[in-house]
Amino acid sequence: QVQLVESGGGLVQAGGSLRLSCAASGTIFSINNMGWYRQAPGKQRDLLATVSRGGATNYADSVKGRFTVSRDNAKNTVYLQMNSLKPDDTAVYYCYANLRATIGENFYTYWGQGTQVTVSS
């Protein structure tokens, strides 16, 4: 069984920084892409950032230059460093991992439980 556990959310003032972490555990054979989505109240879940196993990254325009995604393959962990936070960044943040649990299985996307980030003005 695979679990993704997030940490690092909270309340921060505009202009501040937060770092989210997401660790995958359980039976894991290999992990392809990892990354982060967020969902604000009443809005759809939007993709923010992805990082490949080799370290290649992609970002949504809304966070480019402010957020940095990274991963530690040895720890099966993905991070999101968020700087210059704005009130519009307030949302629940979800990590994901596209992984194969065993050598005989297909890749499947697993999700974290979500962590609240609130940016006050």
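Got a sec? Which of SER30, SER84, SER7 is polar (S, T, N, Q) and at positive phi?
Working: SER30 fails: at positive phi; SER7 fails: at positive phi.
Only one candidate passes the filter, namely SER84.
Residues of region 41-52 being over 15 Å from the mean Cα position of the chain (by Cα) and at pLDDT 95 or above, which ones? Lay out the reasoning, then the answer.
Pass one, region 41-52, residues over 15 Å from the mean Cα position of the chain (by Cα): 41-44.
Of everything in region 41-52, those that are over 15 Å from the mean Cα position of the chain (by Cα) and at pLDDT 95 or above turn out to be LYS43, GLN44.
State which residue is least open to solvent (accessible area, probe 1.4 Å) when the search covers only region 30-42 and only residues that are in contact (Cβ under 8 Å) with a residue 40 or more places away in the chain, more than 13 Å from TYR93 (Cα to Cα) and not aliphatic (A, V, I, L, M).
Step by step, filter region 30-42, then rank; the result is SER30.
When the residues of region 4-13 are filtered to those that are under 14 Å from the mean Cα position of the chain (by Cα) and open to solvent by 30 Å² or more (accessible area, probe 1.4 Å), which remaining residue is nearest to TYR108 (Cα to Cα)? So that I can check it myself, show each step before the final result.
First pass over region 4-13, keeping only residues under 14 Å from the mean Cα position of the chain (by Cα): 4-9.
If we keep only those that are open to solvent by 30 Å² or more (accessible area, probe 1.4 Å) as well, we get 5, 7-9.
Values: VAL5: 17, SER7: 22, GLY8: 25, GLY9: 25 Å.
Among residues in region 4-13 that are under 14 Å from the mean Cα position of the chain (by Cα) and open to solvent by 30 Å² or more (accessible area, probe 1.4 Å), the one nearest to TYR108 (Cα to Cα) is VAL5.
Which of the numbered conditions does PRO41 fail, given that it passes all the others? Conditions: (1) closer than 18 Å to THR115 by Cα; (2) assigned to a strand (DSSP E or B).
(2)
Can you pull out every residue in region 14-29 that is among the polar types (S, T, N, Q) and either surrounded by 14 or more Cβ atoms within 10 Å (Cβ to Cβ) or closer than 12 Å to ASP89 by Cβ (or both)?
So in region 14-29, the residues among the polar types (S, T, N, Q) come out as 17, 21, 25, 27.
Once the filter is applied, which keeps residues that are among the polar types (S, T, N, Q) and either surrounded by 14 or more Cβ atoms within 10 Å (Cβ to Cβ) or closer than 12 Å to ASP89 by Cβ (or both), region 14-29 yields SER17, SER21.
Cβ-Cβ under 7 Å, sequence separation 6+ or interchain: first residue in region 73-95 and under 14 Å from GLY8 (Cβ atoms), partner open to solvent by 60 Å² or more (accessible area, probe 1.4 Å) and aromatic (Phe, Trp, Tyr). Which pairs?
Within 7 Å, the pairs are TYR94/TRP111.
All but one of (1) of a type in the set (Val, Ile, Thr); (2) surrounded by 15 or more Cβ atoms within 10 Å (Cβ to Cβ); (3) in contact (Cβ under 8 Å) with a residue 24 or more places away in the chain hold for THR50; state the number of the condition that does not hold.
(3)
Filter region 68-120 down to residues that are at pLDDT 95 or above and of a type in the set (Gly, Ala, Ser) and give me whichever is most open to solvent (accessible area, probe 1.4 Å).
Here the residue is ALA74.
Tally time: how many residues in region 53-67 are part of a strand (DSSP E or B) and either at pLDDT below 95 or open to solvent by 70 Å² or more (accessible area, probe 1.4 Å) (or both)? Step through it out loud before you land on a result.
Taking region 53-67 as the starting set, the residues that turn out to be part of a strand (DSSP E or B) are 57-59, 67.
With either at pLDDT below 95 or open to solvent by 70 Å² or more (accessible area, probe 1.4 Å) (or both) added as a condition, the list becomes 58.
Here the count works out to 1.
Exactly one condition in (1) more than 14 Å from the chain's Cα centre (by Cα); (2) part of a strand (DSSP E or B) is not met by ASN33; state its number.
Condition (1) is where ASN33 drops out.
The values are calculated or read from the model by the stated rules, or taken from the named source; none is laboratory data. This one's a predicted model, so the numbers in the text were calculated from it and none came from an experiment. Glycine gets a Cβ as well: all are built from the backbone with ideal geometry, and neighbour counts include every protein chain shown. These accessible areas exclude ligands, DNA and RNA; they are computed on the full protein's heavy atoms, side chains included. Shrake-Rupley method; radii C 1.70, N 1.55, O 1.52, S 1.80 Å.
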